[in-house]
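Below is one structure, written out as structure tokens; comments come after it.
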Amino acid sequence: MRALFEQLLDDGEAGIERLIVERAQENVQLDFKTKKNALRGTFEDEDRKVFGKALSALANSAGGLLVYGITAKKGADDIDCAQAPAVPIAEIERFKSEAIRAAGDLLMPRYDGISIDHIPTVADPTSGYLLIYVERSDRRPHRCEAKGEKQYYKRAGDSSFAMEHYDIEDAFSRTKNPTISVEYILHGGGVSGPVIYKEIRVDLVNNSDVIAKYPYIKFSNMHCVNRARFTPTLEGFTLTSEADGMTVAGSADVVVHPHCRRTIFWLEVAVSSLNGVQVIGEESAQTAVVGLLYQAGCEGSKPVRGEKVWYGRELFPPN
């Protein structure tokens with residue numbers, strides 16, 4: 001849903017119209033709403049109830065996207081989906097501002113995994129549509145704090161429901177998910193004839209209070225970075241080569257303890273001599289840029305993705 005959120009912002013009103021033309025259906029991660037009074041940008045009590053209930057349900061379930069300005073109901077064919085016409089909201093900037101404030105007040109505990117933006121209409125830029133992207137919360141459950149509500153909600157199918165007492169007990173007793181980060185440490189190297197190798201140690205760091213099981217890291221788009229030839233794959237890990245990279249995954253016996261790190265692999269960058277000049281690949285060792293994309297995680301964690309870049313002069317400083 002994050003991708004749809006960003007795509008709609010890029011497409012503008014045409015993206016909203018496309019959802020209607022394609023008769024998009026609500027689901028566990030997609031919810032359409034209309035404002036009680038679309039001619040005003042202020043939040044009324046009913047708006048706060050609807051908004052708080054939707055935020056609670058999405059945060060407590062799989063996360064998702066809330067779109068204000070689209071009617072979802074059954075048509076003549078009895079299919080419940082986005083229907084024409086769209087219902088843009090007047091004073092959209094004001095509505096957005098009040099939604100941002102309300103998002104901070106309507107959930108307990110407070111939650112910062114909410115992104116809010118708007119799409120103006122072409123005919124009148126002061127009116128438009130509001131998009132709210134809610135990430136699944138690791139601190140769930142979140143209670144709706146709107147006046148007269150004070151309930152926990154969850155998302156099921158295309159609707160939001162008040163959580164039963166056993167849902168709430170389960171959510172409170174659920175173990176917090178681990179969070180993983182990646183660190184790269186320059187770690188010596190070796191020499192093989194005219195080639196010099198610089199090793200890079202790859203550590204997974206557990207930043208949470210619970211054990212991280214089945215840790216893994218996936219490398220892709222590897223530019224002048226290879227598996228280290230001087231160090232074997234660690235015990236308990238398997239290496240799978242792929243078209244543009246590799247994946248290193250730990251078995252059931254491999255864990256990263258809370259607030260600890262574990263070395264998972266070694267990479268290397270090689271410098272060779274070409275016509276008396278040190279090169280990495282075909283570039284000068286001092287100006288070359290090497291790097292890779294990575295994705296790492298463990299059981300129950302959100303994948304962490306990023307790009308790591310090294311400069312040749314950093315790996316092989318001039319004498």
How large is the helix-only mean residue ellipticity at 222 nm for the chain, computed as the sum of -39500 (n - 2.57) over DSSP H runs with n ≥ 4, divided by its residue count, in deg cm²/dmol to the nearest 500? -6000 deg cm²/dmol
Can you say what percent of the DSSP beta bridges in the range 1-119, counting only those with both residues inside, are antiparallel? Round to 5. 55 percent
Tell me, what ³J(HN,Hα) does each residue in the range 150-156 have, in order and in whole Hz, if you take phi through Karplus 6.51 cos²θ - 1.76 cosθ + 1.60 with θ = phi - 60° and put x for Gly and Pro? 6, 10, 9, 10, 9, 9, 9
Taking the Cβ of residue 275 as the centre, find all other residues whose Cβ is under 15 Å away and add up their charges (Lys, Arg: +1; Asp, Glu: -1). -2
Got a sec to turn the phi values of the range 94-109 into Karplus ³J(HN,Hα) couplings, 6.51 cos²θ - 1.76 cosθ + 1.60 with θ = phi - 60°, whole Hz, x for Gly and Pro? 5, 4, 4, 4, 6, 5, 4, 5, 5, 4, x, 9, 8, 10, 9, x
Under-5 Å amide H pairs with residue 118, H placed in peptide plane, nonlocal only: 131
In whole Hz, with x marking every Gly and Pro, tabulate ³J(HN,Hα) for the range 80-91 from phi via Karplus 6.51 cos²θ - 1.76 cosθ + 1.60, θ = phi - 60°. 7, 7, 4, 10, 7, x, 5, 10, x, 9, 5, 6
Listed values (i) 27.5; (ii) 23.0; (iii) 20.5, entry calculated as Kirkwood radius over Cα pairs in Å: (ii)
Sorting 213, 35 by accessible area (1.4 Å probe), largest first, what list results? 213, 35
Calculated FRET value between residue 2 and residue 229, using beta carbons and R₀ = 22 Å, to 0.05: 0.05
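The values are calculated or read from the model by the stated rules, or taken from the named source; none is laboratory data. The structure displayed is predicted, hence computed values, not measured ones. Heads up, the Cβs are rebuilt from the backbone with ideal geometry, glycines too, and the neighbour counts pull from every protein chain shown. We work out accessible area using only protein heavy atoms, side chains counted, and drop any ligands, DNA or RNA first. Shrake-Rupley method; radii C 1.70, N 1.55, O 1.52, S 1.80 Å.
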